[in-house]
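*Asks:* The structure follows.
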Amino acid sequence: VQLQASGGGLVQAGGSLRLSCTASRTILSSNVMGWYRQAPGKQRELVATLRSGRDANYGDSVFGRFAISRDNAKDTVYLQMNSLKPGDTAVYYCYARQEGSAYWGQGTQVTVSS
C-alpha cells in the first residue's frame with residue numbers, strides 16, 4: 001500500500017490547512033487510517049487516527065483544533081487543521097494499517113509562522 005499525502009504548506013498562526021492522504025488500494029474501513037507528525041529534534045507523535053465504528057483518537061495538543069475524517073469510497077483520509085500554532089510546525093505523515101502491517105506516507109511539511 002502506498003500513501004500519497006498533500007496539502008501541507010506555510011500558514012500564519014491562527015490559520016487553517018487541510019491535509020489529504022489517498023491510499024493506492026482499498027483500506028478496509030475497519031482498519032485505522034490517520035496522521036502522525038514529527039518536529040525537528042522530537043519524536044514522532046500521534047495527531048489523529050480514525051477507524052469506522054470507533055471514535056476518533058486525537059493527540060492532546062491538537063484536541064479541539066484538528067478534525068480527522070475519512071472517505072472510504074476514495075480510500076482517503078483528511079485532516080482539517082484550525083487555529084494553527086507555531087508549535088504545530090512539523091512533517092505530517094499519513095498512516096494506515098492493513099492486514100497486520102503498518103504503512104506510512106512520505107510526509108508533508110506544515111510550517112506555521114508567528
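The values are calculated or read from the model by the stated rules, or taken from the named source; none is laboratory data. Just so you know, these numbers come straight off a predicted model, no measurement behind them. Counting neighbours? That spans all protein chains shown, and the Cβs are built from the backbone with ideal geometry, glycine included. Remember, those area values only see protein heavy atoms, side chains included, never the ligands or the DNA or RNA. Shrake-Rupley method; radii C 1.70, N 1.55, O 1.52, S 1.80 Å.
*Asks:* Based on the mean of other Cβ atoms within 10 Å per residue, sort peptides 45-51, 85-91 so the most packed one is first.
*Replies:* Working: 45-51: 19.6, 85-91: 16.7.
Put in order of decreasing packing, that is 45-51, 85-91.
*Asks:* Next question, about the same structure. Using the Cα centre as the reference, give the magnitude of the dipole from point charges on the C-beta atoms of the chain (Lys, Arg: +1; Asp, Glu: -1; all else neutral), rounded to the nearest 20 debye.
*Replies:* On the way: 12 positive and 7 negative charges, 4 e Å.
With Lys and Arg at +1 and Asp and Glu at -1, about 20 debye.
*Asks:* Once neighbouring chains are kept in place and the probe is 1.4 Å, which whole percent of the accessible area of the chain is contributed by carbon and sulfur?
*Replies:* Numbers: 2690 of 5990 Å².
Ligands and nucleic acids excluded, carbon and sulfur reach 45 percent.
*Asks:* Sort 97-105, 27-35 by the packing proxy (mean of other Cβ within 10 Å over each peptide's residues), most packed first.
*Replies:* On the way: 97-105: 13.2, 27-35: 19.3.
So the peptides 97-105, 27-35, ranked by packing, come out 27-35, 97-105.
*Asks:* Using unit Cβ charges (K, R positive; D, E negative) and no other charged atoms, how large, in debye to the nearest 20, is the dipole of the stretch 1-61 about its Cα centre? Mind dumping the intermediate values first?
*Replies:* Values: 7 positive and 3 negative charges, 31 e Å.
Dipole about the Cα centre, nearest 20: 140 debye.
*Asks:* Rounded to the nearest whole Å², what accessible area per residue is found for the stretch 1-51 with the 1.4 Å probe? Before the final figure, lay out each step's value.
*Replies:* Working: 2740 Å² over 51 residues.
Ligands and nucleic acids excluded, the result is 54 Å² per residue.
*Asks:* Would you mind checking the stretch 51-88 for residues with the amide N under 15 Å from a putative spin-label position 7 Å along Cα→C-beta of SER16?
*Replies:* Counting backbone N atoms under 15 Å from the label point, the list is 64-69, 78-85.
*Asks:* Heads up, I need the accessible area for TYR36: 1.4 angstrom probe, whole protein in place, Å², nearest 10.
*Replies:* My reading of the accessible area for TYR36 is about 60 Å².
*Asks:* Can you tally the net charge around GLN98? Count Lys and Arg as +1, Asp and Glu as -1, for every other residue whose Cβ sits under 12 Å from the Cβ of GLN98.
*Replies:* Numbers: positive: ARG25, ARG51, ARG97; negative: ASP75, GLU99.
Surrounding charge for GLN98 is +1.
*Asks:* Kindly report the accessible area of the stretch 55-114 per residue (heavy atoms of protein chains, probe 1.4 Å, no ligands, DNA or RNA), in Å². Present the calculation step by step, with values, prior to reporting the outcome.
*Replies:* Values: 2950 Å² over 60 residues.
Accessible area per residue, the stretch 55-114: 49 Å².
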